[in-house]
């Protein structure tokens, strides 16, 4: 069984994240946490509003210590790192990591610490290498590592870096990711845990 | 590794996953925090674990060590190592006029109330290297209430207070700070407030004429005065829920009636024990007014 889906995206990510959410069948009930790089001054609400147009799930900007509830979509607020504790989120204003805050690596790494093999990590389009290390951590802990096919990505640097850092469970066109994680949720993979 | 939301992934004993180091890491971390507290009196046991763990690991690597236990051994016998970890754990990264909207709301909704008092006390709790204190001082000067204000700026860490007192900030930040200042409704040229020197931007001493920098530990120390305003932004996000509740009590008890509490953008008094003791002054900028 899985506990949490974590998505990391940068350049071109808004569209890609929207596509993933839009493709998820209604009954899929895992919580989803998203670290999308954006300008520090950007209005927190805008990304939430835009993504909310793509899905019926509740989309929320994370507030400190917010509980993790099924079916909800949680967005890292601009200019904060998003961290996962068992059952809830935490925020920090620690230094940028690879020029990023929120850092995808921080989200993925702390999610792994909280939920071990129960994490599904997804790296989407982006023009930097953030998330590659975090995805490898997810994979090493027995979780699932998914990467958007670099060929179809708005920017391929981030998927390429993730592919170089770990053995992905699947490299998929963005339109196929929703269905793939739906499949995992219906029938949890047993093979992925063995690959270390 | 911890239990998940009501599900157990596998029957006990047949896990195919590699043995998690995380359980051991949790033991090491809690022993480290216990040791720090008993030897040095610094109590980080109620800090939110995810970010604490990251900061501790950074210090482990910086000391050339490989485990949290090794760091424990070193710092118990070497106060200088404790000092370095304390810096890592207590520096909160901030910027002058971070979240410009907060300062606009402060000008519009808090300053008018301050004008009605002959004298006001403001507590900036967890001031770190002082960026917020100088920002606030600039705002109060421009609003011409600085002369009847005293700002108490406190932090757990004496060496960050030292830096705050010096009033020197990196020159390469001035562009960002200038933009923030303008967005925050600043009325003058930001460069009037500092002198560019070879080692940084030296801010005017007059800005801290009415500032008292003092060591104070939110975890263990009591209130030291009564305040009209308390600002504590992005400090409590590093605390766990129980500690947050205690600090909220400390703030509530330290505020005068109609005193104002200012929190970070993603913090809230919702679910705190004093939720009903405040009314919202500005919901999105997290300014609250104590009502009883």
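The values are calculated or read from the model by the stated rules, or taken from the named source; none is laboratory data. Here the structure is a predicted model, which is why all the values come from computation and not from measurement. Virtual Cβ from ideal backbone geometry, glycine too; neighbours counted across all protein chains shown.
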Single condition residue A:180 does not satisfy, out of (1) more than 14 Å from chain B (Cβ to nearest Cβ); (2) under 20 Å from residue A:10 (Cβ atoms); (3) surrounded by fewer than 21 Cβ atoms within 10 Å (Cβ to Cβ): (2)
Test set (1) without any contact (Cβ under 8 Å) to a residue 24 or more places away in the chain; (2) surrounded by 16 or more Cβ atoms within 10 Å (Cβ to Cβ) - residue B:210 fails condition number: (1)
Residues (out of contact with any strand residue (DSSP E or B) (no Cβ under 9 Å at 6 or more places or on another chain), part of a helix (DSSP H, G or I) and more than 17 Å from residue B:106 (Cβ to Cβ)) located in the stretch B:192-214: B:192, B:205, B:206
Enumeration of residues in the stretch A:64-82 that are touching a residue at least 24 places away in the same chain (Cβ under 8 Å) and within 21 Å of residue B:49 (Cα to Cα): A:64, A:65, A:68, A:69, A:74, A:75, A:76, A:77, A:79, A:81, A:82
Of the criteria (1) within 14 Å of chain B (Cβ to nearest Cβ); (2) under 18 Å from residue A:32 (Cα atoms); (3) in contact with a helix residue (DSSP H, G or I) (Cβ under 9 Å, 6 or more places away or on another chain), which one residue A:136 fails: (2)
Residue within the stretch B:39-50 that is closer than 30 Å to residue A:29 by Cβ, part of a loop (DSSP other than H, G, I, E, B), at pLDDT 50 or above and touching a helix residue (DSSP H, G or I) at 6+ places or on another chain (Cβ under 9 Å) present: yes
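Which is more than 22 Å from residue B:219 (Cβ to Cβ) and either in contact with a strand residue (DSSP E or B) (Cβ under 9 Å, 6 or more places away or on another chain) or without any contact (Cβ under 8 Å) to a residue 12 or more places away in the chain (or both), of B:112, B:100?
B:112
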Criterion violated by residue B:160 - all others in (1) in contact (Cβ under 8 Å) with a residue 60 or more places away in the chain; (2) closer than 28 Å to residue B:44 by Cβ; (3) in contact with a strand residue (DSSP E or B) (Cβ under 9 Å, 6 or more places away or on another chain) satisfied: (3)
Matching residues in the stretch B:86-111 - criterion: being at pLDDT 95 or above, away from chain A (no Cβ under 12 Å) and within 21 Å of the chain's Cα centre (by Cα): B:96, B:102, B:103, B:104, B:105, B:106, B:110
Residues that are in a strand (DSSP E or B) and more than 12 Å from every other protein chain (Cβ to nearest Cβ), drawn from the stretch A:104-127: A:120, A:121, A:122, A:123
Qualifying residue in the stretch A:186-196 (condition: modelled with pLDDT of 95 or more, more than 14 Å from residue A:16 (Cβ to Cβ) and out of contact with any helix residue (DSSP H, G or I) (no Cβ under 6 Å at 6 or more places or on another chain)): no
Matching residues in the stretch B:58-104 - criterion: being surrounded by fewer than 16 Cβ atoms within 10 Å (Cβ to Cβ) and under 27 Å from residue B:287 (Cα atoms): B:93
Whichever residue in the stretch A:139-163 is closer than 21 Å to residue B:53 by Cβ and touching a helix residue (DSSP H, G or I) at 6+ places or on another chain (Cβ under 6 Å) and, among such residues, is farthest from the other protein chains (Cβ to nearest Cβ): A:143
Wholly enclosed strands (runs of 3 or more DSSP E) of the stretch A:1-103 bearing at least 1 residues crowded, with 18+ Cβ neighbours inside 10 Å, over 16 Å from the mean Cα position of the chain (by Cα) and within 14 Å of chain B (Cβ to nearest Cβ): A:88-92
Tally, over the stretch B:170-200, of residues that are touching a residue at least 40 places away in the same chain (Cβ under 8 Å), surrounded by 15 or more Cβ atoms within 10 Å (Cβ to Cβ) and more than 14 Å from every other protein chain (Cβ to nearest Cβ): 3
Which listed residue is at pLDDT 95 or above, more than 15 Å from the chain's Cα centre (by Cα) and within 14 Å of chain A (Cβ to nearest Cβ), from B:121, B:59: B:59
Residue ID - farthest from residue B:40 (Cα to Cα), chosen from residues in the stretch B:146-169 that are buried (at least 17 other Cβ atoms within 10 Å of the Cβ) and over 20 Å from the mean Cα position of the chain (by Cα): B:146
